[in-house]
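Data block below; observations after.
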Amino acid sequence: AVEKSKTNSGSQGDASVEDENSKITAVQTASRIKLLNSDLGTSLNQIERLLPPSFEWKNLNPYNVLQIPHDVEHDTVQRRYKALSLLVHPDKCRDPRARDAFEEVRKAMKSIEDETKRKHVQSLIEAGRKQGKREWIDVKQKKKGKIY
């Protein structure tokens, strides 16, 4: 009976430690989400950002629309989509352009959820980054060769 009570108290202690750890993890996750979404600003700011002149061309990159890096995990994309879509949702925002802004956010998420489109966009972003890095190195080397 003594061994049994030790085993039970040990498992209760483990459970309370697990509960404490899950509370800490939940707080850390909530803080991370809050930080991630703290830069969204107001509905009006987002509508103006999403609908500038020729926005159809500027919003071809779905990661730019959601304002996230192209290599984030899918759950982060979903959280960002939810926060941004709530901010510009036509039922929540009275601005007449809210429907168009919401549609841009919806299209971006749809593109990211489509594996073929997501991989294509990510490969274009990576190619652009590599090209930019090559050009930056070329400029840097040219500057080294010049004497002022």
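The values are calculated or read from the model by the stated rules, or taken from the named source; none is laboratory data. Please read all numbers here as calculations on a predicted model, not as lab measurements. Cβ placement follows ideal geometry from the backbone for every residue including glycine, while neighbour counts extend to all protein chains displayed. The protein model used for the area step is the full one, side chains on, heavy atoms only, and it has no ligands, DNA or RNA in it. Shrake-Rupley method; radii C 1.70, N 1.55, O 1.52, S 1.80 Å.
For the range 86-104, the criterion of being within 14 Å of the chain's Cα centre (by Cα) and at pLDDT 95 or above is met by none of the residues. Filter the range 62-87 for residues that are open to solvent by 10 Å² or more (accessible area, probe 1.4 Å), free of Cβ contacts under 8 Å to residues at least 40 places away in the same chain and of a type in the set (A, V, I, L, M, F, W, C); which is nearest to residue 115 (Cα to Cα)? So, considering only residues that are open to solvent by 10 Å² or more (accessible area, probe 1.4 Å), free of Cβ contacts under 8 Å to residues at least 40 places away in the same chain and of a type in the set (A, V, I, L, M, F, W, C), the one nearest to residue 115 (Cα to Cα) is 72.
The residues of the range 42-56 that are open to solvent by 50 Å² or more (accessible area, probe 1.4 Å) and either at pLDDT 90 or above or within 18 Å of the chain's Cα centre (by Cα) (or both), listed by number, are 42, 44, 45, 48, 49, 53.
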